[in-house]
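Student: Have a look at this one before I ask anything.
The values are calculated or read from the model by the stated rules, or taken from the named source; none is laboratory data. Since this is a predicted model, take the numbers as computed values, not measurements. Positions of Cβ are backbone-derived with ideal geometry, glycine not excepted, and every protein chain shown enters the neighbour counts. Protein only, heavy atoms only, side chains kept; ligands, DNA and RNA dropped before computing areas. Shrake-Rupley method; radii C 1.70, N 1.55, O 1.52, S 1.80 Å.
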Amino acid sequence: MVDMAYEWIEEAIVTLRLAPGSTLSELHLSEMTGFGRTPIREAVQRLAREHLIVVLPQRGLLIPPMDVAKQLRLLETRREVERLIARSAARKATAEQRAHFTRLAKEFKSSARSGKDVEFVRADREFNELCLVAARNEFAEGAMRLLHGLARRFWYYHYKEAADLPTMARLHAEVAEAIAAGEVKHAGDALDALLDNIEAFTRATVLGERA
């Protein structure tokens, strides 16, 4: 129940149904989701650790505003850790996990063609989770769990300005295919190409806001 509550709230934050800067309560979340107060409270604590919710003592919960400077700092950390995860997943994934990566590559290509942004976000979340499991490195996993939700929310908030969905989906598919094939160097290179795109996208957003 906690995992289900977490996934519902995380997706609502990432896809902006819970808007940046808005405030709410655990009771509100319970009424929205249909989950009881205990799983909601535990999900909120997890989301607070991931910087997707700010707990305001005696005042409720805040969905934090967008922060471009924080996103750029996030990318500095993400590149090094996620390259390790992608290469490790390519090296260590089981046959079943490689088949899963192949299926996700097809889903990314489908979302690139269809332009369905929520479909892409869901596939991205599944891909990130699979990478963490396949890499089998609990320290890298702990670091990345703090970054993925913030990264997806920032992208979802700004991507329409750059018509970025087809490119992002294609680049994700290339990483998934490299991992599925066990191509360690290609997985790292494809991950770098993906993060180069994300960094350029983020910096373009900064310039756009300053214009």
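Student: Which members of region 56-67 meet the condition of being at negative phi and either part of a loop (DSSP other than H, G, I, E, B) or surrounded by 15 or more Cβ atoms within 10 Å (Cβ to Cβ) (or both)?
Tutor: Just the residues of region 56-67 that are at negative phi, to begin with: 56-57, 59, 61-67.
Across region 56-67, the qualifying residues are 57, 59, 61, 62, 63, 64, 65, 66, 67.
Student: Do we find that residue 110 is touching an Asp or Glu at 6+ places or on another chain (Cβ under 8 Å) and not β-branched (Val, Ile, Thr) in this structure?
Tutor: Working: touching an Asp or Glu at 6+ places or on another chain (Cβ under 8 Å): yes; not β-branched (Val, Ile, Thr): yes.
It is true that residue 110 is touching an Asp or Glu at 6+ places or on another chain (Cβ under 8 Å) and not β-branched (Val, Ile, Thr).
Student: Looking only at helices (runs of 4 or more DSSP H) that lie completely in region 143-211, which have at least 3 residues being of a type in the set (Asp, Glu), modelled with pLDDT of 80 or more and in the same structural domain as residue 109 (by the TED database)? Explain how you work it out, then say what you get.
Tutor: Numbers: elements: 148-162, 165-180, 184-210.
So the answer is 184-210.
Student: Evaluate region 134-149: report whether one residue or more is over 21 Å from residue 73 (Cα atoms) and in contact with a His (Cβ under 9 Å, 6 or more places away or on another chain). First the steps, then the outcome.
Tutor: Our first condition is that a residue be over 21 Å from residue 73 (Cα atoms); within region 134-149, this holds for 134-138.
From what's left, in contact with a His (Cβ under 9 Å, 6 or more places away or on another chain): 134.
Yes, there is a match, as at least one residue in region 134-149 is over 21 Å from residue 73 (Cα atoms) and in contact with a His (Cβ under 9 Å, 6 or more places away or on another chain).
Student: Moving to a separate point now. Restricting the search to region 79-124, which residues are within 24 Å of residue 159 (Cβ to Cβ) and β-branched (Val, Ile, Thr)?
Tutor: Correct list: 81, 85, 118, 121.
Student: So, one more: Answer yes or no as to whether residue 99 is farther than 30 Å from residue 30 by Cβ and touching a residue at least 12 places away in the same chain (Cβ under 8 Å). Lay out the reasoning, then the answer.
Tutor: Working: farther than 30 Å from residue 30 by Cβ: yes; touching a residue at least 12 places away in the same chain (Cβ under 8 Å): yes.
Answer is yes for this residue.
Student: I need the full set of residues from region 71-96 which are hydroxyl-bearing (Ser, Thr, Tyr) and not in a helix (DSSP H, G or I), in order please.
Tutor: First, the residues of region 71-96 that are hydroxyl-bearing (Ser, Thr, Tyr): 77, 88, 94.
Across region 71-96, the qualifying residue is only 94.
Student: Condition test on residue 97, is it assigned by the TED database to the domain that holds residue 141 and among the polar types (S, T, N, Q)? Spell out the reasoning first.
Tutor: Numbers: assigned by the TED database to the domain that holds residue 141: yes; among the polar types (S, T, N, Q): yes.
So residue 97 passes the test.
Student: Name, by its number, the condition in (1) of a type outside the set (D, E, K, R); (2) in contact with an Asp or Glu (Cβ under 6 Å, 6 or more places away or on another chain); (3) open to solvent by less than 10 Å² (accessible area, probe 1.4 Å) that does not hold for residue 176.
Tutor: Single failed check for residue 176: (2).
Student: Could you grab me the full set of residues in region 68-108 that are open to solvent by 20 Å² or more (accessible area, probe 1.4 Å), modelled with pLDDT of 95 or more and of a type in the set (Val, Ile, Thr)?
Tutor: Selection gives 94, 102.
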